[in-house]
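The values are calculated or read from the model by the stated rules, or taken from the named source; none is laboratory data. Just so we're clear, the structure is a prediction, and the values are computed from it rather than from any experiment. Positions of Cβ are generated from backbone atoms using ideal geometry, with glycine treated the same way; all protein chains shown enter the neighbour counts. For accessibility, only protein heavy atoms count, side chains too; no ligands or nucleic acids. Shrake-Rupley method; radii C 1.70, N 1.55, O 1.52, S 1.80 Å.
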Number of protein chains: 2
Amino acid sequence: MTAPDPSHIMQVASGYGVSRALLSAVGLGLYTRLAEGSMTLDEIMRDFGLLRRPTMDFLDLLVSAELLGREGDGEGARYHNTETTAAFLDRNKPAYIGGIIELWDKRNYRFWADITEACRTGKAQNETKSAGKPFFETLYAEPARLEAFMDAMNGSSINNFEKFARVFPFERYRTLTDIGGADALLSRLVAAAHPHIRCTSFDLPVVTEIATRKITAAGLAKRIEAVAGDFFSDPLPSADVITMGMILHDWNLGRKKLLVKKAYDALPPGGAFVAIEALIDDARRTNTFGLFLSLNMLIEFGDAFDFTGSEFIAWCREAGFSGFEVIPLVGPSSAAIAYK
Amino acid sequence: MTAPDPSHIMQVASGYGVSRALLSAVGLGLYTRLAEGSMTLDEIMRDFGLLRRPTMDFLDLLVSAELLGREGDGEGARYHNTETTAAFLDRNKPAYIGGIIELWDKRNYRFWADITEACRTGKAQNETKSAGKPFFETLYAEPARLEAFMDAMNGSSINNFEKFARVFPFERYRTLTDIGGADALLSRLVAAAHPHIRCTSFDLPVVTEIATRKITAAGLAKRIEAVAGDFFSDPLPSADVITMGMILHDWNLGRKKLLVKKAYDALPPGGAFVAIEALIDDARRTNTFGLFLSLNMLIEFGDAFDFTGSEFIAWCREAGFSGFEVIPLVGPSSAAIAYK
């Protein structure tokens with residue numbers, strides 16, 4: 001029998017520091033800059049306006065966490081991207097996942113300071129605490145901010161949408177409507193992979209303007225239409241497949257059930273409703289990221305939450321759906337599917 | 001060749017959430033309460049005044065990170081301590097390490113939101129930003145706060161001090177002075193383990209009052225004296241061994257060197273100066289915790305920092321010391337020793 005060891009506790013307890021340093025490095029654009037070539041400590045200090053001792057500790061902390069490479073020790077050592085940071089944290093790479101991390105750097109890390117209060121009150125702990133405006137309202141008021149948000153969401157969704165386009169049996173269907181389609185990323189990926197599919201990307205007018213631009217740029221204007229509407233107050237455009245990518249988790253239980261019901265109403269018999277989310281495992285024991293996202297929804301919206309496949313199936317069954325399936329996508333994400 | 005995988009990046013980037021949840025759980029006293037017996041979700045909600053959905057996510061996030069046990073799934077499931085959380089996160093256990101975690105819950109997590117600013121300005125990012133009072137000054141103004149702080153520090157030091165008392169060759173020496181001795185924890189452990197050693201625990205008057213009480217309670221008043229003084233303005237009480245536990249890292253380079261010089265002056269030829277710290281590895285590649293603590297010193301004091309064994313040896317050599325040794329203690333901590 002070995003004596004209990006506090007190292008796991010201390011590693012997680014102090015883990016906010018390593019996490020915070022990574023958010024800062026992404027927020028500063030360090031990895032994007034390092035994609036141009038390795039840099040000495042002096043060069044990094046000069047380029048980013050940082051002081052020596054803090055910067056040494058900041059960079060070497062990332063080295064120790066395998067989130068930065070360093071050739072040599074001491075004076076003259078050169079910092080460089082790792083294979084992984086080069087692939088995913090350079091803003092100029094297609095696989096950039098740093099958008100969501102930039103948001104966490106600017107916003108969410110700070111809001112999580114009040115997680116205990118959120119668990120006590122069920123109230124959002126973001127900008128709405130002081131300014132009083134709901135998150136999406138603030139977002140839609142500023143086009144540049146909105147596009148940055150969509151880029152951030154796309155960075156965390158693109159790998160899942162690509163896999164979904166590849167593994168879902170699209171040969172059985174002819175039309176798809178993506179609800180809350182943002183800049184039509186999911187529609188563009190599905191239409192590009194399946195020439196027989198016609199897509200509708202449904203979102204608010206301020207968003208469909210951006211979507212139309214991106215659809216045209218991709219040469220897909222003949223097979224994807226960006227349709228403006230409000231998914232709560234308008235009926236959903238009918239299609240053989242209705243998708244919602246990271247939409248359901250933004251809302252409370254009543255609104256989730258309303259969206260499920262509206263998807264049911266917009267589908268023909270045999271149609272499929274697909275929710276792409278970081279589904280929490282049914283036993284709620286393994287998907288740390290899904291549980292983290294759920295608390296992030298608490299922080300952002302107060303009554304919103306992520307959910308398990310079982311919960312999704314129960315809501316869909318209640319709405320009238322009769323067949324169910326969960327397809328694992330990338331990492332902690334899945335496609336939960338209900339057939340009408 | 002395998003394709004690069006973003007999961008390590010995403011795990012660290014979202015790691016602030018898991019870390020924050022652990023700080024909250026320790027701050028709430030959840031683990032101490034669970035030491036009395038396992039609890040259902042309803043019981044935890046009622047005892048801590050928390051709401052259902054946030055609390056489910058909060059607790060199951062800790063389950064997924066192996067920082068909480070749960071027997072059963074769904075309704076009626078009972079949450080309980082793991083072997084490790086029972087040993088180290090129950091306030092009533094001697095090995096409690098939660099004191100420092102409580103400080104991080106109340107203070108440091110929030111301050112780290114401004115780590116980028118700290119790296120730019122070299123300025124502390126704690127209460128001093130608004131109130132203007134240095135950390136230790138605020139601390140000493142309130143006895144209850146001071147004792148809580150000492151308890152917190154003791155929780156992270158006790159295992160190191162115990163190992164130091166065991167592995168250091170005390171048979172060669174007769175007297176020890178512990179500089180910044182707080183409530184005399186190190187002196188009490190050394191005196192208890194080595195009946196031939198006489199100790200002096202040196203700290204500010206407000207602190208030695210508390211130390212004297214604890215020394216008397218331990219029945220060690222004949223062999224430990226708590227001496228009041230300021231380690232910058234007063235000479236250090238002479239002894240064969242001078243120790244400083246987590247003292248040097250609180251200060252800037254000039255003050256560190258001054259303390260090293262004062263230790264040299266207070267030792268006889270052959271005497272030993274011992275700094276117990278989370279020494280950063282010389283290559284600055286592996287001791288993540290030491291680098292984290294160093295940035296924590298930046299956050300607290302602006303110009304303070306943790307250091308490597310090589311740095312310690314260089315400062316000691318400059319002060320006149322001639323022999324050096326580093327003894328690993330527990331986890332990321334070491335005793336750096338300089339012989340006069």
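Brief remarks on what is shown
- Within the assembled protein chains, the solvent-accessible surface assigned to B:THR85 is about 0 Å², based on a 1.4 Å probe.
- Cα centre as origin, Lys/Arg/Asp/Glu Cβ charges: segment A:225-340 dipole, Debye: 280 debye
- Annotation: amide H of B:GLU325 within the under-5 Å range of B:ILE337, sequence separation 5 or more or interchain, hydrogens built in the peptide plane.
- Over chain B, DSSP H runs of length four or greater, each weighted -39,500 (n - 2.57), average out per residue to a 222 nm ellipticity of -14000 deg cm²/dmol.
- Low-density loop positions, trypsin sites (Lys or Arg not before Pro), segment A:218-288 - DSSP coil, at most 12 other Cβ in 10 Å: A:LYS222
- Debye intensity ratio I(q)/I(0), log10, segment A:246-311, q values 0.20, 0.24 Å⁻¹ (C-alpha model): -0.80, -1.03
- Largest first, the residues A:TRP251, A:TRP315 sort by 1.4 Å accessible area into A:TRP251, A:TRP315.
- Solvent-accessible area buried by pairing A with B, both sides, nearest 100 square angstrom, 1.4 angstrom probe: 6900 Å²
- The heavy atoms of B:PHE231 offer some 30 square angstrom of accessible surface to a 1.4 angstrom probe.
- Paramagnetic label reach from B:HIS8 (point 7 Å along Cα→Cβ; backbone nitrogen cut-off under 11 Å): within segment A:40-64, residues A:63-64.
- The rule of thumb for compact globular proteins, 2.2 N^0.38 Å, goes into the C-alpha radius of gyration of chain B 1.08 times.
- For segment B:164-305, the Cβ-based charge dipole about the Cα centre amounts to some 400 debye (Lys, Arg positive; Asp, Glu negative; other atoms uncharged).
- For the set A:ARG174, B:ARG52, A:ARG53, B:ARG213, solvent exposure ranked by accessible area (probe 1.4 Å, protein chains only) runs largest to smallest as A:ARG174, B:ARG213, B:ARG52, A:ARG53.
- In this label model, A:HIS80 and A:LEU258 are separated by 5.5 nm, measuring between points 7 Å along each Cα→Cβ vector.
- Considering segment B:149-280 at the alpha-carbon level, its Rg and Dmax are found to be 13.5, 39 Å.
- Residues with amide H under 5 Å from that of A:GLY229, placed H, sequence gap 5 or more: A:ASP203, A:LEU204
- Karplus-derived 3J(HN,Hα), 6.51/-1.76/1.60, for each residue of segment A:227-237, Hz, glycine and proline x: 10, 8, x, 10, 6, 8, 9, 9, x, 7, x
- Threshold 20 Å² - residues in segment B:106-136 whose accessible area is reduced by that much or more when the chain is no longer isolated, probe 1.4 Å: B:TYR109, B:ARG110, B:TRP112, B:ALA113, B:ASP114, B:ILE115, B:THR116, B:CYS119, B:ARG120
- Heavy-atom surface of chain B, accessible at 1.4 Å and reported per residue (Å²): 40 Å²
- Accessible area (Å², 1.4 Å probe, nearest 10) - B:VAL26: 0 Å²
- The modelled label-to-label distance for the pair A:SER238/B:TYR140, using points 7 Å beyond Cα in the direction of Cβ, is 8.0 nm.
- To put it simply, the accessible area of chain B at a 1.4 Å probe is 54 percent carbon and sulfur.
- Cleavage-rule hits, trypsin sites (Lys or Arg not before Pro), segment B:70-99, DSSP coil, Cβ neighbours within 10 Å at most 16: B:ARG91
- B:THR243 long-range amide H proximity, modeled H, under 5 Å: B:THR177, B:ASP178, B:ILE179, B:VAL274
- Interatomic Cα distance distribution for segment B:1-114, bins of 5 angstrom, percent: 2, 11, 20, 22, 19, 12, 7, 4, 2, 1, 0
- Ranked from largest to smallest solvent-accessible area, with a 1.4 Å probe on the protein heavy atoms, A:MET244, B:MET45 come out as B:MET45, A:MET244.
- Taken along the Cα-to-beta-carbon direction at a fixed 7 Å, the label points for B:VAL227 and A:ARG213 span 7.3 nm.
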